[in-house]
1. Here is a list of conditions, (1) without any contact (Cβ under 8 Å) to a residue 12 or more places away in the chain; (2) in contact with a strand residue (DSSP E or B) (Cβ under 8 Å, 6 or more places away or on another chain); (3) of a type outside the set (Asp, Glu), and residue 164 meets all of them except one; can you say which number that is?
2. Is it the case that the range 250-268 has a residue that's under 28 Å from residue 369 (Cβ atoms), open to solvent by less than 80 Å² (accessible area, probe 1.4 Å) and in contact (Cβ under 8 Å) with a residue 60 or more places away in the chain?
3. May I ask you to list the residues in the range 39-72 that are over 30 Å from residue 358 (Cα atoms), of a type outside the set (Phe, Trp, Tyr) and at pLDDT 95 or above?
4. So which residues in the range 96-123 are touching a Lys or Arg at 6+ places or on another chain (Cβ under 9 Å) and open to solvent by 30 Å² or more (accessible area, probe 1.4 Å), if there are any at all?
5. Just for the range 198-236: of the residues that are in a helix (DSSP H, G or I) and in contact (Cβ under 8 Å) with a residue 60 or more places away in the chain, which one is most open to solvent (accessible area, probe 1.4 Å)?
6. What are the residues in the range 248-269 that are among the polar types (S, T, N, Q) and not in a loop (DSSP other than H, G, I, E, B), if any?
7. Any residue in the range 186-197 that is touching a residue at least 40 places away in the same chain (Cβ under 8 Å), of a type outside the set (A, V, I, L, M, F, W, C) and over 20 Å from residue 103 (Cβ atoms)?
8. Right, residue 50: in contact with a Phe, Trp or Tyr (Cβ under 6 Å, 6 or more places away or on another chain) and either under 30 Å from residue 360 (Cα atoms) or surrounded by 16 or more Cβ atoms within 10 Å (Cβ to Cβ) (or both) or not?
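The values are calculated or read from the model by the stated rules, or taken from the named source; none is laboratory data. Every value quoted in this text rests on a predicted model; they were computed, and no experiment measured them. Positions of Cβ are generated from backbone atoms using ideal geometry, with glycine treated the same way; all protein chains shown enter the neighbour counts. Side chains included, ligands, DNA and RNA excluded: accessible areas come from the protein's heavy atoms. Shrake-Rupley method; radii C 1.70, N 1.55, O 1.52, S 1.80 Å.
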Amino acid sequence: MITNYIKIAWKVLLRHPFYTFITLFGISLTLTVLMVLTSFLDHLIGSHYPENKRDRMLYVMQMRQQDSSRTSNMSGPMSFKFLTDYAKSLKTPERVTITTFINSSNAYVGSQKIKLNTKFTDADFWQVTDFEFLEGKPYNEQNITNGDQVAVITDDLKKQYFENASEPVIGKDIEIETIHYRIIGVVKASPFTRPFTYADVFFPYTAPKSNYRTTGLRGGYVAMILGKKKSDLPTIQEEFQRHIDRIPLPGIQDGFKYSLLEVKSESYLDNFLTPIMEGNSGLKTIFFGVISFVLFMLMGLPAINLVNINVSRIMERASEIGIRKAFGAPVQTLVWQFIVENIFITLIGGIIALGLTTIVIHLINTSGMIAYADLTINLNVFLISFFICLLFGLLSGVLPALRMAKLTIAEALKS
């Protein structure tokens, strides 16, 4: 039965090429935008290089301190010592790494200044992440213990700093902020949309200017916690919270007296959304208002336009509907037929959109709009896009089908 509906839908498409073009153009353009958006969101929060294990990782990004009257807050990253005491000491995780967020530095090639994003890390950073080493190897605990002034750079910085980028640079010197470092590794660069791992240069935390000796609670460091398996994450969160609960309260930080201290270990998605969800009600209202408006613009308006086109297309077939009703075709069968036809047409538009999305994603990746972007159409993106196609087909097909179902036999035959 469904095969017959699809054959009828195909014949209808061939009957009016212009309307078919308009319909497929609207569908494919809408779905292309939605697929690109889905791919970008997957790029932003999914498990990708060099954080391929995000599904079993927790992130400790900031500490929040609040006074007893609940009117004043302080928040920000933590000290290396704090994370060593309360995160590195966890027993459940496979591994914990402590790293700074993104810092800024400069290097010079002749008179040309190169602005750099730098990061101080421990040796476990290279075990928690999955950086691809194009040359050399990461620094290890021995380098850190010895206080070696070594660095790992990205392939992009190598091209900028060294005259002949095709030659190996392991063992060569790079000068950053008047300090000389020996290069021991070159990695494939990470997109800047992954702030926990993005940098142009990586130093051991014992390198100059890292401020790892700060003894207070606050500093410039964050942590990534890698579980042995995904199911361990709730246990790790409970263990981490027990460690945090041991901190005596009230306390004083830089002259600020606090009675509440909050540090969370969260998945990347939760970490990404927490500042919004825990913000004031006005911020949340604006956020969800913008999301609703964007979804309406991307799906609502195109669906409404497609409904109008589908109503016209169905009303052209009123005589066919009347004859089928006269011969006893139930309303449910007719409604189901037109819904299947609309989903079929939408899936054709989806196939066209898939090709367009591939082209758009390639252009984004190669344009430099997002440094080291690696947007893809992976299984998750494909399945979400397929679901969107079905949803769009239903949204734009149900109302015309119901409109058709209300036609009497006499009204249909007169049309």
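1. (2)
2. Yes, the range 250-268 contains at least one residue that is under 28 Å from residue 369 (Cβ atoms), open to solvent by less than 80 Å² (accessible area, probe 1.4 Å) and in contact (Cβ under 8 Å) with a residue 60 or more places away in the chain.
3. Selection gives 58, 60.
4. 101, 102, 103, 104, 106
5. Within the range 198-236, the match that is most open to solvent (accessible area, probe 1.4 Å) is 230.
6. Selection gives 253 alone.
7. Checked the range 186-197: at least one residue is touching a residue at least 40 places away in the same chain (Cβ under 8 Å), of a type outside the set (A, V, I, L, M, F, W, C) and over 20 Å from residue 103 (Cβ atoms).
8. For residue 50, the condition - in contact with a Phe, Trp or Tyr (Cβ under 6 Å, 6 or more places away or on another chain) and either under 30 Å from residue 360 (Cα atoms) or surrounded by 16 or more Cβ atoms within 10 Å (Cβ to Cβ) (or both) - is met.
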